[in-house]
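The values are calculated or read from the model by the stated rules, or taken from the named source; none is laboratory data. Predicted model only: the values in this text are computed from it and were never measured. Every residue, glycine as well, gets a Cβ built from its backbone with ideal geometry; the counts of neighbours run over all protein chains shown. Only protein heavy atoms, including side chains, enter the accessible area calculation; ligands, DNA and RNA are left aside. Shrake-Rupley method; radii C 1.70, N 1.55, O 1.52, S 1.80 Å.
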Amino acid sequence: MTKDSVALWGGRFSGEPADALAELSRSTHFDWRLASVDIAGSKAHARALAKAGLLRDDELSAMIDALEVLKCDVTSGVFVPSPDDEDVHTALERGLLERAGSQLGGKLRAGRSRNDQIAMEILLYLRIEARRIASLLLDVVQAILYQAKQAGYAIMPGRTHLQHAQPVLVAHHLMAHAWPLVRSIERLQDWDKRAGISPYGSGALAGNTLGLEPQFVAKELGFVDSANNSIDATASRDVVAEFACVIGIAATSLSRLCEEIVVWNTKEFDYVTLDDAYSTGSSIMPQKKNPDVAELGRGKTGRVVGAAVSILMMLKGLPLAYNRDLQEDKEPIFDQIDTLDVLLPAIAGMVTTMVVHYERMQELAPQGFSLATDIAEWLVKHGTPFREAHEIAGACVRVCEQRGCELSELSDNDFSAIDARLTSSVREVLTIEGSVRARDGKGGTAPHQVDNQRRLLEQQSSLLRKWATQEVAVL
Ligand code: ARG
């Protein structure tokens, strides 16, 4: 650190910090992205100082002007951190002193610590990012809704254990990937209640002596309230960890969608053709067209979930209050955000542009004895106890397996030979259309229920879109 650097500490030290310490300690290469929330915090703090009688009106307006100039210089890239700046706070203090002069600029730090500053900044930053990520997630929901509409009432094999289970509407299956994303956005919305509590005004840990009003600063920065406990406010990062976990859950849901697309895109399944714009080739095999977007979606989930785990590990075992370990929350959470930033538009594009092969799905839907449950339930409707009905339907499957045919290919005689209760009208349920139509409880695969579901999904996502586009604070 050079002699004329603007360190925020050093009065009690006689020597210079070792280069190795400075190298280890420096965080500007990742925390610079907090510059705009840091400056917004400084403006609110200046107003709180004025309110407490610690800045005159003319000083306050000169301070706000200098901070505004600093903000423009940061945005335009005129002002950047220097290697001697320990962190974003130090760099911006230097910037302020250069613009406001050391007499006025030197007054801003009164009553605040980097401990309450950083705790507030990460929450304000994440509250803004949460809404942006929510919008990108909603674009994926929108892409799924588009495909669900395109699919109409087309039918596909529904699977459990990856085996044919029961026929379902393609739209029903697709929307099953949208609801978990909607729930993750709702989780962000709920998380925002806890993130809306400002740690500012807590000082280093015990509060401030200068009569600054934490609630005033909180309101200035768009928070709902200020913290009830200044030690908790500066020491905890559970709300940061919660954000990371919610993002981890969202990434896991996306990963399952991606895995299905990888499988659907194989020659064996042949359910979808991915658009050239969202496929890649092979450097050696000229025929190849690979689903790399889906694979990266699946693969990057490991990193995103790992980020949540690394924050929890960092927190575990930390004594109160602030410890420098807490600085380690930033890189993982920034990596999550950057990862979703590139991933979500690619997934939305891949889903919107993929061509779905409805005929192929329709053709496979009745295969694998997927109508066996329908035979059993038909028997139940005609008075047979389910235990027996299950046995009888199982016997039908056994006969088909021996002959190498499907259930619908059994003759009336075959049915009555298996059990006299299987009259020819059992055929009514042996079509995939009849099968899906019969499942008409709420959430079921009957066409009118799937229509209802789509309307609910549309309503829900437009409500969430409103939340996601709300402004948290004017920076
Ligand atoms: N860069 C630090 C962090 O991210 C800021 C707070 C530093 N406070 C301190 N007392 N050294 O947590």
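Where does the chain land at 222 nm, in deg cm²/dmol rounded to the nearest 500, when only DSSP H runs of n ≥ 4 count, each adding -39500 (n - 2.57), divided by all residues? Write out the running numbers ahead of the final one.
Numbers: 19 runs with 287 residues, N = 475.
After summing the helix terms and dividing by the residues of the chain, the value is -20000 deg cm²/dmol.
Which helices, taking whole DSSP H runs in the chain, have alpha carbons extending 15 angstrom or more along the helix axis plus mean Kyte-Doolittle at least 0.0?
Numbers: long enough: 35-51 (24 Å, 0.14); 57-76 (29 Å, 0.26); 88-105 (21 Å, -0.13); 114-151 (54 Å, 0.35); 178-195 (25 Å, -0.87); 238-264 (39 Å, 1.30); 292-315 (35 Å, 0.79); 330-353 (35 Å, 0.60); 386-403 (26 Å, -0.28); 447-468 (31 Å, -1.27).
Answer set is 35-51, 57-76, 114-151, 238-264, 292-315, 330-353.
Can you compute the radius of gyration and Dmax for the stretch 348-446, using only the Cα atoms, both in Å?
15.9, 54
Suppose we look only past 19 Å in the calculated P(r) of the stretch 116-262. What percent of the Cα-Cα pairs does that tail hold? Write out the running numbers ahead of the final one.
On the way: 6538 of 10731 pairs.
The answer is 61 percent, as a whole percent.
Give the range of the longest stretch in the chain that excludes all GluC sites (Glu not before Pro) found in loop regions by DSSP and having at most 13 other beta-carbon atoms within 10 Å. Walk me through the numbers on the way to the answer.
Numbers: sites that count: 268, 471.
Segment 1-267 is the longest.
What does the C-alpha gyration tensor say about the overall shape of the stretch 256-331? Classify as rounded when a/c is under 1.5, otherwise prolate if a/b is larger than b/c, or oblate.
Numbers: a/c = 5.02, a/b = 3.22, b/c = 1.56.
Prolate, because a/c is 1.5 or more and a/b exceeds b/c.
Label points 7 Å out from Cα along the Cβ direction at residue 391 and residue 469: separation in nm?
6.2 nm
Over 25 Å between Cα atoms, which of 300/330; 316/466; 381/442; 193/330; 193/466 qualify?
From the list (300/330; 316/466; 381/442; 193/330; 193/466), the Cα-Cα distance tops 25 Å for 316/466.
If you find the alpha carbon centre of the stretch 405-452 and of the stretch 342-404, how far apart are they in angstrom?
11 Å
Please state the relative contact order of the stretch 1-77 as a whole percent: Cα pairs under 8 Å, 6+ residues apart? Don't skip to the answer; put the middle values down first.
Numbers: 21 pairs, mean separation 18.8, N = 77.
Value for the stretch 1-77: 24 percent.
Straight-line reach from residue 288: which lysines fall under 21 Å, measuring Cα to Cα and dropping same-chain residues less than 8 apart?
267
Return the Rg/Rh ratio of the chain with Cα-based radii and a Kirkwood Rh.
Details: Rg = 30.4 Å, Rh = 26.4 Å.
Rounded to two decimals, Rg/Rh equals 1.15.
Given a Förster radius of 30 Å and the C-beta distance between residue 24 and residue 209 as r, what FRET efficiency does 1/(1 + (r/R0)^6) yield to the nearest 0.05? Intermediate results must be reported in sequence, preceding the final value.
Numbers: r = 32 Å, r/R0 = 1.07.
Efficiency for this residue pair is about 0.40.
Report relative contact order for the chain in percent, whole number only (criteria: Cα-Cα under 8 Å, sequence separation at least 6). Mind showing how you got there, number by number?
On the way: 663 pairs, mean separation 83.2, N = 475.
Relative CO of the chain lands at 18 percent.
Cα centroid distance between the stretch 41-120 and the stretch 237-293, in Å?
Cα centroid of the stretch 41-120 versus Cα centroid of the stretch 237-293: 44 Å apart.
Where in the stretch 253-291 are there chymotrypsin sites (Phe, Trp or Tyr not before Pro) that are in a DSSP coil and have at most 11 other Cβ atoms within 10 angstrom of their Cβ? If you can, show how the numbers build up before the last one.
Numbers: sites: 264, 269, 271, 278; in loops: 269, 271.
For chymotrypsin sites (Phe, Trp or Tyr not before Pro) across the stretch 253-291 that sit outside H, G, I, E and B with at most 11 neighbouring Cβ atoms in 10 Å, the list is empty.
When only Cα pairs under 8 Å and 6 or more residues apart are kept, what is the percent relative contact order across the stretch 251-347? Intermediate results must be reported in sequence, preceding the final value.
Values: 87 pairs, mean separation 26.7, N = 97.
28 percent.
Leaving out ligands and nucleic acids, and using a 1.4 Å probe, what accessible area per residue does the chain come to in Å²? Kindly include the intermediate steps, with their values, before the conclusion.
Numbers: 22260 Å² over 475 residues.
With all protein chains present, the chain gives 47 Å² per residue.
Does the stretch 6-66 classify as rounded, prolate or oblate by the C-alpha gyration tensor (a ≥ b ≥ c root eigenvalues; a/c under 1.5 gives rounded; else a/b over b/c gives prolate, otherwise oblate)? Mind showing how you got there, number by number?
Working: a/c = 3.68, a/b = 1.77, b/c = 2.08.
Oblate, since a/c reaches 1.5 and b/c is not below a/b.
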